[in-house]
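Asker: One structure coming up, written as structure tokens, with questions to follow.
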Amino acid sequence: MRWICPPILVLVLVFSAMAEGDVFAGQQRFAICSNCHGQDAMGIPSIGTPRLAGQRPYYLKRQLQNFQAGIRGSDDRDEKGKMMRPMSLTLPDEQAIDDVVAYIASIQLAEKMAPDEPVN
Ligand code: HEC
């Protein structure tokens, strides 16, 4: 039995390292993002940037990949998206995306958020 465990442990470690982002590395990458999305990733309504904190990691990752691929942010009518697309290109590879997404996911939301403006 004992000989089975070390290889399995190594595999588990390798796969978890591949699948998960590094929160610390992501925090450093987020420095540039915070200029537009805020230190706390809550978005800045006056410049129209969305809140990222609290969003599902798989969705954030897909949007970053869509920006990089030009699926978002490449049409002239997409004024806000065109602000974001060059920023997505500061993330050189999938690991960098995973890292920044892991950092965003680590941000604790305030228990109850005040609405920015009334719905009606
Ligand atoms: C120059 C300002 C600016 C910077 C810097 C910036 N963003 Fe953005 N980001 C935007 C704007 C504006 C949008 C909204 C685009 C839209 O309305 O389609 C956006 C949208 C996004 C979205 C999509 C959110 C959603 O709900 O679909 C993600 C994810 C995102 N940004 C992540 C990042 C990350 C990660 C960084 C740092 C690498 C970053 N942004 C840096 C301006 C910026």
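Asker: Please identify the pairs in which a residue from segment 80-105 that is more than 17 Å from residue 49 (Cα to Cα) has its Cβ atom under 6 Å from the Cβ atom of a residue that is near the ligand (Cβ under 8 Å from one of its atoms) and not in a helix (DSSP H, G or I), counting only partners at least 6 apart or on another chain.
Answerer: Hits for this filter: 97/91.
Asker: Now, a different point. Quick check on my filter: what residues within segment 64-78 are within 8 Å of the ligand (Cβ to nearest atom) and out of contact with any Phe, Trp or Tyr (no Cβ under 7 Å at 6 or more places or on another chain)? Even if it seems obvious, please write down each step before you answer.
Answerer: Step one: of segment 64-78, the residues within 8 Å of the ligand (Cβ to nearest atom) are 64, 67, 72-73, 78.
Listed by number, the residues that qualify are 64, 67, 72, 78.
Asker: So which of 75, 116 is in a loop (DSSP other than H, G, I, E, B), at pLDDT 95 or above and more than 17 Å from residue 22 (Cα to Cα)?
Answerer: Numbers: 116 fails: at pLDDT 95 or above.
Within the list 75, 116, the selection yields 75.
Asker: Out of segment 38-61, which residues are part of a helix (DSSP H, G or I) and either surrounded by 14 or more Cβ atoms within 10 Å (Cβ to Cβ) or near the ligand (Cβ under 8 Å from one of its atoms) (or both)? If you could, list the steps in order and put the result at the bottom.
Answerer: In the first step, residues of segment 38-61 are kept if they are part of a helix (DSSP H, G or I); the result is 45-47, 57-61.
Selection gives 47, 57, 59, 60, 61.
Asker: Search segment 54-83 for residues being among the aromatic types (Phe, Trp, Tyr) and within 10 Å of the chain's Cα centre (by Cα), and hand back the single one that is farthest from residue 95 (Cα to Cα).
Answerer: First pass over segment 54-83, keeping only residues among the aromatic types (Phe, Trp, Tyr): 58-59, 67.
Next, only the ones that are within 10 Å of the chain's Cα centre (by Cα) stay: 58-59.
Values: 58: 14, 59: 16 Å.
Only one residue fits best here, namely 59.
Asker: Related question: Of everything in segment 49-58, what is free of Cβ contacts under 8 Å to residues at least 40 places away in the same chain and under 20 Å from residue 22 (Cβ atoms)? Give them in sequence order. First the steps, then the outcome.
Answerer: First, the residues of segment 49-58 that are free of Cβ contacts under 8 Å to residues at least 40 places away in the same chain: 49-51, 56, 58.
56, 58, listed by residue number.
Asker: Of all the residues that make up segment 36-60, how many are out of contact with any Lys or Arg (no Cβ under 6 Å at 6 or more places or on another chain) and under 17 Å from residue 81 (Cβ atoms)? Spell out the reasoning first.
Answerer: From segment 36-60, those out of contact with any Lys or Arg (no Cβ under 6 Å at 6 or more places or on another chain) are 36-41, 44-47, 49-60; that's our starting set.
Then keep just the ones that are under 17 Å from residue 81 (Cβ atoms); that gives 36-37, 44, 47, 49-52, 55, 59-60.
So the count comes out to 11.
Asker: Further, regarding this structure: Taking residue 40, is it in contact (Cβ under 8 Å) with a residue 12 or more places away in the chain, out of contact with any helix residue (DSSP H, G or I) (no Cβ under 7 Å at 6 or more places or on another chain) and not basic (Lys, Arg)? Outline the logic, then answer.
Answerer: Working: in contact (Cβ under 8 Å) with a residue 12 or more places away in the chain: yes; out of contact with any helix residue (DSSP H, G or I) (no Cβ under 7 Å at 6 or more places or on another chain): yes; not basic (Lys, Arg): yes.
Taking the combined requirement at face value, the residue satisfies it.
The values are calculated or read from the model by the stated rules, or taken from the named source; none is laboratory data. Model, not experiment: these values are computed from the prediction. Virtual Cβ from ideal backbone geometry, glycine too; neighbours counted across all protein chains shown.
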